[in-house]
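The values are calculated or read from the model by the stated rules, or taken from the named source; none is laboratory data. Not measured: the values here are computed from a predicted model. Every residue, glycine among them, receives a Cβ derived from its backbone with ideal geometry; neighbour counts consider all protein chains shown.
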């Protein structure tokens with residue numbers, strides 16, 4: 001008979017387990033471990049008291065959360081499963097296994113402390129030379145909420161649904177059990193209708209606060225707003241914005257909003273990124289969603305950074321595919337002081353109306369003087385009185401400065417980098433990690449989710465690009481502390 005080693009799957013096996021020896025030195029889990037050990041967690045510890053049952057250590061819980069989001073485990077049930085069977089999780093937890101409810105409670109309890117931890121990790125990346133402060137690229141990505149479009153209700157539909165549910169409950173109250181309908185089934189249907197009724201009542205209470213009767217609210221996630229996506233889907237969503245440094249793609253600031261990118265978001269993101277990284281950036285790159293006249297004026301007059309932000313019409317104007325061709329508004333020339341205007345036929349125009357605003361800017365409407373006799377009138381205007389009208393804003397010179405900067409070779413090269421800096425992180429979130437829909441509901445938790453994702457992403461960049469330097473730094477600090 002062949003000579004084999006004894007093989008018995010029912011045999012009890014005792015094995016010595018040393019979590020610290022489970023992983024290679026440069027494993028991402030070890031980087032997460034050392035990063036969390038370096039963080040100042042005083043604000044987290046402030047939640048805990050000496051009384052009662054001992055809690056899981058916050059360091060261990062943070063390590064598990066950060067590592068989970070780094071590898072794409074965003075469900076607490078998957079985290080618990082990893083803690084039971086995976087060596088990387090056993091190393092981080094010291095073979096402790098908090099259940100999924102404990103993990104989720106910890107995650108939501110410490111939402112307020114997360115921005116501070118995010119800032120500490122950005123500063124660590126800067127200390128490792130991963131932030132060069134040259135180009136800060138800003139963009140948003142719309143991520144569907146954990147709610148269906150069908151759950152959106154306006155006031156009329158909510159009232160109709162509520163009335164129908166109450167009729168159903170009245171019918172169930174008089175329903176008698178029989179061979180095909182047990183009392184247990186009746187009770188279950190009643191509980192289900194009661195849950196729907198309570199949810200509809202909450203939704204209706206929110207809708208009653210709106211002046212617009214056609215406004216809608218999602219019954220499952222009332223904070224999620226209807227947004228149009230690039231693939232033309234219309235879904236309840238959140239807009240997740242990020243400001244990313246161009247050297248290694250470190251995310252320096254994040255923001256979660258309930259609308260698409262707007263000009264008011266730009267400076268807030270830039271200022272947050274500057275505060276997190278500890279230094280201002282030389283150049284800021286953003287798309288046209290962040291641009292309007294007042295924002296462009298502030299970019300040129302009030303800010304020290306160099307901005308590369310096109311306006312919404314620049315691409316159309318530069319492509320020379322405007323609706324009126326040679327007689328597009330961009331072909332009309334305003335005087336230096338903005339009080340005169342000349343049409344493409346070199347004819348002067350007069351001021352038809354002027355309005356001055358509290359912030360100091362002026363808007364004027366110019367009308368053509370000799371349009372009736374102009375040979376190109378039909379190509380220039382379709383107005384009933386035959387006169388071409390052109391609007392002018394006193395802040396347009398700032399827009400023209402921005403357009404000239406973006407048209408220059410250096411400006412084109414700078415703006416070209418934007419997509420290569422900020423959008424790979426969007427692709428990593430959605431394609432590599434599978435984050436195509438929020439797991440948590442409500443604006444605060446949607447904010448928490450994105451902060452965790454990008455915080456973990458920054459740790460992942462340390463593991464990918466600076467693991468050896470970081471381990472050497474951590475070892476040097478440890479030796480210094482022991483000395």
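Structure above, values below:
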read-out: Selection from the range 297-316 of residues that are out of contact with any strand residue (DSSP E or B) (no Cβ under 7 Å at 6 or more places or on another chain) and closer than 15 Å to residue 261 by Cα; value: 310, 311, 312
read-out: Any hit, the range 144-161, residues being in contact (Cβ under 8 Å) with a residue 60 or more places away in the chain and within 19 Å of residue 242 (Cα to Cα); value: yes
read-out: Selection within the range 279-289 - crowded, with 17+ Cβ neighbours inside 10 Å and farther than 21 Å from residue 410 by Cα; value: 289
read-out: Members of the range 426-437 found to be crowded, with 16+ Cβ neighbours inside 10 Å and in contact with a strand residue (DSSP E or B) (Cβ under 6 Å, 6 or more places away or on another chain), listed by number; value: 426
read-out: Members of the range 345-369 that are on the phi < 0 side of the Ramachandran plot and without any contact (Cβ under 8 Å) to a residue 24 or more places away in the chain; value: 348, 350, 351, 353, 354, 355, 356, 357, 358, 367, 369
read-out: Selection from the range 217-255 of residues that are part of a loop (DSSP other than H, G, I, E, B) and either farther than 20 Å from residue 274 by Cβ or modelled with pLDDT under 90 (or both); value: 219, 220, 221, 222, 223, 224, 229, 230, 231, 232, 233
read-out: Odd one out for residue 387, checked against (1) at pLDDT below 95; (2) in a helix (DSSP H, G or I); (3) touching a helix residue (DSSP H, G or I) at 6+ places or on another chain (Cβ under 8 Å); (4) over 30 Å from residue 300 (Cα atoms); value: (2)
read-out: Among the candidates 417, 403, residue that is over 23 Å from residue 237 (Cβ atoms), touching a strand residue (DSSP E or B) at 6+ places or on another chain (Cβ under 7 Å) and in contact (Cβ under 8 Å) with a residue 12 or more places away in the chain; value: 417
read-out: Conditions (1) at pLDDT below 95; (2) closer than 30 Å to residue 24 by Cα: number failed by residue 103; value: (1)
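Okay, residues lined up against (1) assigned to a helix (DSSP H, G or I); (2) within 21 Å of residue 141 (Cα to Cα):
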residue: 268; (1), (2): yes, yes
residue: 273; (1), (2): yes, yes
residue: 317; (1), (2): yes, no
residue: 345; (1), (2): no, no
residue: 351; (1), (2): no, no
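Residue-by-condition table, conditions (1) touching a residue at least 12 places away in the same chain (Cβ under 8 Å); (2) surrounded by 12 or more Cβ atoms within 10 Å (Cβ to Cβ); (3) within 30 Å of residue 124 (Cα to Cα):
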position	(1), (2), (3)
196	yes, yes, no
209	no, no, no
218	yes, yes, no
245	yes, yes, yes
252	yes, yes, yes
